[in-house]
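The values are calculated or read from the model by the stated rules, or taken from the named source; none is laboratory data. All of these numbers come straight from a predicted model, not from anything done at the bench. No Cβ is skipped: glycine too gets one built from the backbone with ideal geometry, and neighbour counts run over all protein chains shown. In case anyone asks, the SASA skips ligands and DNA or RNA and just uses the protein heavy atoms, side chains included. Shrake-Rupley method; radii C 1.70, N 1.55, O 1.52, S 1.80 Å.
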Amino acid sequence: MQTKELAQKTGINKRTLDGYLAKNGNEPTVGNAVKIAQVLGVSVEYLTTGKDSEFSGENLSQEMILFHKYRSFVNKIEKLPQDAKKCMDFLIEKLGG
């Protein structure tokens with residue numbers, strides 16, 4: 001995702017985002033970190049550390065790991081109109097899902 005698009009989706013000024021991304025950049029405010037994480041579909045913890053404690057334990061079910069892996073795909077499907085969701089469901093079933 002380009003910085004310009006992230007700026008549009010979060011409502012955060014592009015220059016501010018550029019400042020966060022600079023080599024020795026500023027850290028975002030908590031509010032801005034939440035906005036960025038939401039748009040990117042990750043937790044604030046993952047955004048800041050690269051790790052997500054929700055998915056770091058040894059006893060996680062395979063379903064939780066898969067959901068985390070395909071979260072952005074699921075989010076896109078959820079935004080589709082109902083008839084498109086039915087179509088997606090049909091295609092997945094036909095593909096062996």
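Assorted remarks:
- Candidate set from the stretch 27-58 (those that are assigned to a loop (DSSP other than H, G, I, E, B), surrounded by fewer than 11 Cβ atoms within 10 Å (Cβ to Cβ) and not acidic (Asp, Glu)); member that is modelled with the highest pLDDT: 50
- The stretch 1-10, residues that are surrounded by fewer than 16 Cβ atoms within 10 Å (Cβ to Cβ) and modelled with pLDDT of 85 or more: 2, 3, 4, 5, 8, 9
- Residues within the stretch 1-27 that are touching a Lys or Arg at 6+ places or on another chain (Cβ under 9 Å) and free of Cβ contacts under 8 Å to residues at least 12 places away in the same chain, tallied: 4
- Residues in the stretch 74-97 that are under 19 Å from residue 37 (Cα atoms), modelled with pLDDT under 80 and not polar (S, T, N, Q): 74 only.
- Of all residues in the stretch 11-26, exactly one satisfies the criterion of being touching a Phe, Trp or Tyr at 6+ places or on another chain (Cβ under 9 Å) and either farther than 17 Å from residue 40 by Cβ or open to solvent by 100 Å² or more (accessible area, probe 1.4 Å) (or both), namely 26.
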